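Visitor: This is the structure I want to talk about, given as C-alpha cells.
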Amino acid sequence: YGGLNQKIDYVFKVVLIGDSAVGKSQLLARFARNEFSIDSKATIGVEFQTRTLIIDTKTVKAQIWDTAGQERYRAVTSAYYRGAVGAMLVYDITKRQTFDHVSRWLEELRSHADNNMIIMLIGNKSDLGSLRAVSIEDAKEFAEREGLFFLETSALEALNVEIAFLTILTDIYRVVT
Ligand code: GDP
Ligand code: MG
C-alpha cells in the first residue's frame, strides 16, 4: 500500500460478475484486505476496493468492482462495466447452475465491454471438493473455447486468489502498455 506521495502509473478497473453467492465479495475481501467472513451479507450498493501493487517497476492501482447484489440477468447496469479493462467471471464449483449461467454472463459482458478486455473464468469454493458439481475439464474446455484464463480458487482458504488477480492484472498491463 502506497504512502501519500506514491505516484500511480496506472489505474485498472476490473469488474467481478457471476451469479449471487458464488463468492465474489469474499474473493475481493481476500485480495484487497486478506479477509474472509463466513456470514457475508449480500452486497449493498455499488462498491469497489483498491489495492496498489508493483508490476514490472510500475505502480498499478487495481480498482476492483463488486456487484451491488444486482446479479439477476441484465440487472447489472452499463455504468458498472464502463471503463473496465478486465473481468473476473465467477461460478461456484458446487453449484452447476452457476456454471451454466457463465455463457450468458459472458454475452452480457461482451455486449458492454471493450474488445480487448481481459476475462478470467474463476471456479470458486475449491475447498468444497467433495461437493463438486463442475469438473475442471468442463471449465477448462469452455475457457479455451472462449479464450479466457481459468483458475479454481478458494476465498475461504486463500487458494489461488492472489495468483488469479495478479494474472489478470499482469495481462492487462501487457495489453495497455
Ligand atoms: P457473492 O454473492 O458472489 O458476493 O458471494 P459472497 O462472497 O457473499 O459469498 C457467498 C457465500 O459463500 C458466503 O456464505 C461465503 O462465506 C461463502 N463463500 C465465499 N467464498 C467461499 C469459498 O471459497 N469457500 C467456501 N466454502 N465458501 C465460500
Ligand atoms: Mg456480493
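The values are calculated or read from the model by the stated rules, or taken from the named source; none is laboratory data. On a predicted model such as this, the values are computed, not experimentally measured, just so you know. As a convention, Cβ positions derive from the backbone with ideal geometry for all residues, glycine included, and neighbour counts pool all protein chains shown.
Visitor: What is the one condition in (1) of a type in the set (A, V, I, L, M); (2) surrounded by 15 or more Cβ atoms within 10 Å (Cβ to Cβ); (3) under 16 Å from Ala164 (Cα atoms) that Ile54 does not satisfy?
Guide: Every listed condition holds for Ile54 apart from (2).
Visitor: Name the residues in region 13-38 that are within 14 Å of ligand 2 (Cβ to nearest atom) and part of a helix (DSSP H, G or I), would you?
Guide: Matches in region 13-38: Lys24, Ser25, Gln26, Leu27, Leu28, Ala29, Arg30, Phe31, Ala32.
Visitor: Could I ask something else about it? Looking at region 130-140, can you tell me whether even one residue there is β-branched (Val, Ile, Thr) and within 26 Å of Ala32 (Cα to Cα)?
Guide: Going residue by residue through region 130-140, those that are β-branched (Val, Ile, Thr) are 134, 136.
Subsequent filtering for residues that are within 26 Å of Ala32 (Cα to Cα) retains none.
Within region 130-140 (the criterion being β-branched (Val, Ile, Thr) and within 26 Å of Ala32 (Cα to Cα)), the answer is no, since none of the residues qualifies.
Visitor: Another question, then. With the checklist (1) over 22 Å from Arg174 (Cα atoms); (2) more than 12 Å from the chain's Cα centre (by Cα) in hand, flag the one item Tyr91 doesn't pass.
Guide: (2)
Visitor: Now a separate question. Going through region 39-71 one residue at a time, which ones are away from ligand 2 (no atom under 13 Å from the Cβ) and either at pLDDT below 90 or more than 24 Å from Leu109 (Cα to Cα) (or both)?
Guide: First, the residues of region 39-71 that are away from ligand 2 (no atom under 13 Å from the Cβ): 50-63.
Scanning region 39-71 gives Thr52, Leu53, Ile54, Ile55, Asp56, Thr57, Lys58, Thr59.
Visitor: Condition (residue is charged (D, E, K, R) and within 16 Å of ligand 1 (Cβ to nearest atom)) applied to region 136-151: is it met by at least one residue?
Guide: So far as region 136-151 goes, no, none of its residues is charged (D, E, K, R) and within 16 Å of ligand 1 (Cβ to nearest atom).
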